[in-house]
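The values are calculated or read from the model by the stated rules, or taken from the named source; none is laboratory data. Being a predicted model, the structure only gives us computed values, none of them experimental. Please note: Cβ atoms are built from the backbone with ideal geometry, for glycine as well, and neighbour counts cover all protein chains shown.
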């Protein structure tokens with residue numbers, strides 16, 4: 001039947017590339033170079049080193065919280081996980097068989113979590129460390145859309161692996177992010193959606209940006225628009241009618257934006273953010 005593993009990329013010539021890091025390098029250094037719009041590797045040696053440190057932190061430092069929050073909160077997570085894992089099953093597999101496969105696989109992952117150091121004794125330290133990381137990263141994102149400026153680097157892709165696949169999609173940690181660090185949630189959204197025009201990047205400039213970029217401040221953080229005053233010379237009743245109508249229009253626009261910005265539920269794996277890399281391909 002073959003091996004069941006994600007992420008995988010099939011190139012036009014039939015070549016299969018497996019592992020997020022290899023998929024990134026396929027577009028950075030391999031046959032897919034012509035398809036990417038910008039490099040994930042900063043030109044500045046200092047920023048490149050910082051990017052690799054965060055790439056390492058994403059793969060190693062976020063592993064324990066990813067495993068902890070996924071497999072220790074069944075009341076919040078289990079129905080979602082069962083449904084999402086079923087999406088990976090072959091179409092010919094019956095629902096009962098898919099559920100049995102999930103229970104068998106999840107049992108192995110629960111044991112792996114313990115081997116990674118996720119135990120009742122370590123749980124308070126894992127939670128405290130993860131909360132501290134979220135607060136620090138949220139503060140860092142106040143004046144930049146990505147880790148090092150206006151476009152994602154290999155550091156962002158290393159972080160998004162656990163942050164998207166486990167810590168933003170699973171209901172328990174997702175609620176934590178939405179409640180306490182929504183700015184980090186907006187970073188996740190930017191990472192998993194395509195940006196047609198990359199903004200000026202620290203990796204290109206060789207320095208950290210200064211000032212808040214206007215372009216990335218979405219409606220969640222942007223100051224509310226002022227409602228225009230009605231034209232002069234109208235009666236009080238007509239003025240009130242126009243003002244109310246414009247306010248309703250603003251609220252409808254905000255409501256539509258909130259609907260389109262709802263957090264996604266696509267399947268991914270706790271690997272390098274290769275789905276984010278593919279979003280940057282033309």
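For the stretch 7-30, name all the residues that are part of a helix (DSSP H, G or I), in contact with a helix residue (DSSP H, G or I) (Cβ under 8 Å, 6 or more places away or on another chain) and modelled with pLDDT of 90 or more. Result: 23, 24, 27. Filtering the stretch 48-62 to residues that are buried (at least 20 other Cβ atoms within 10 Å of the Cβ) and within 15 Å of residue 117 (Cβ to Cβ) leaves only 62.
Determine whether residue 42 is crowded, with 16+ Cβ neighbours inside 10 Å and closer than 20 Å to residue 164 by Cβ. No, not satisfied.
All of (1) under 30 Å from residue 125 (Cβ atoms); (2) free of Cβ contacts under 8 Å to residues at least 60 places away in the same chain hold for residue 28 with one exception: (1).
Considering 143, 156, the condition of being under 23 Å from residue 47 (Cα atoms) and touching a strand residue (DSSP E or B) at 6+ places or on another chain (Cβ under 6 Å) is satisfied by 156 alone.
Within the stretch 103-130, residues that are on the phi > 0 side of the Ramachandran plot have Cβ atoms under 6 Å from residues that are surrounded by 14 or more Cβ atoms within 10 Å (Cβ to Cβ) in these pairs: 117/64, counting only partners at least 6 apart in sequence or on another chain. Of the candidates 81, 88, the single residue that is part of a helix (DSSP H, G or I), out of contact with any helix residue (DSSP H, G or I) (no Cβ under 6 Å at 6 or more places or on another chain) and surrounded by 12 or more Cβ atoms within 10 Å (Cβ to Cβ) is 81. In the stretch 134-141 there is at least one residue matching the filter, namely being touching a helix residue (DSSP H, G or I) at 6+ places or on another chain (Cβ under 8 Å) and over 22 Å from residue 64 (Cα atoms).
Please tell me if residue 64 is modelled with pLDDT of 90 or more and touching a helix residue (DSSP H, G or I) at 6+ places or on another chain (Cβ under 6 Å). Yes.
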